[in-house]
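To start, the structure itself, in structure tokens.
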Amino acid sequence: VAAGAKGVMLNHCEKPVSLAALHKTIQRADEVGLASIVCTDSIREAAAVALLGPNIIVAEPTELIGTGQTSDMDYVQASIRAGKDINPDIFVLKGAGISTGEDVYRVIRAGAEATGSSSGVVNAADRAAMIDEMIGAVRRALDERQKEAV
């Protein structure tokens, strides 16, 4: 916080931690005013983590990270429900394999609040164009979701 951090990312596949450690760290993040972002690999893990009260769950099967292959829609929808059924205020971000605007559109349209796409941008021939494509996909998907809700 003193250095300007706004949040903390926990439990990424390179640095997994126990549920007990996550619980303590999420509580500490809340105490000091940091947003807590927790990566989850499975539906079961997403539900368990949701019980701990983070601000954001990142649902991303480890085996798909950086592959350009996205989760099927069953996983996308089940991971969103796993968090939202426990706490509707948790944001669910869908990551792993997101590499095109169409990937972004699909997961946002399915109900995710956000998506991760590090390798999709870094590996793009034109990074700026890919970012524009992905941002446009978010806007289209959110607009369509909003129209359906009315």
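Of the peptides 98-109, 75-86, the order by per-residue mean of other Cβ atoms within 10 Å, starting with the highest, comes out as 98-109, 75-86.
The lysines within cross-link reach of Lys15, meaning a Cα-to-Cα straight distance under 22 Å and a gap of 8 or more places when in the same chain, are Lys6, Lys24, Lys94. Would you mind pulling out the separation of the Cα centroids of the stretch 9-41 and the stretch 58-89, in Å? With the stretch 9-41 and the stretch 58-89 each reduced to a Cα centre, they are spaced 17 Å. With both labels modelled 7 Å from their Cα along Cα-to-Cβ, the Arg140 to Ala125 distance reads 2.0 nm. Neighbours of Thr40 by Cβ distance under 15 Å: Lys/Arg scored +1, Asp/Glu scored -1, total -2. Calculated accessible area for the chain comes out at 55 Å² per residue, all protein chains present (probe 1.4 Å; ligands, DNA, RNA ignored).
The values are calculated or read from the model by the stated rules, or taken from the named source; none is laboratory data. What you see is a predicted model; the values in this text were computed from it and never measured. For neighbour counting, all protein chains shown are included, and Cβ atoms are generated from backbone atoms with ideal geometry for every residue, glycine included. We work out accessible area using only protein heavy atoms, side chains counted, and drop any ligands, DNA or RNA first. Shrake-Rupley method; radii C 1.70, N 1.55, O 1.52, S 1.80 Å.
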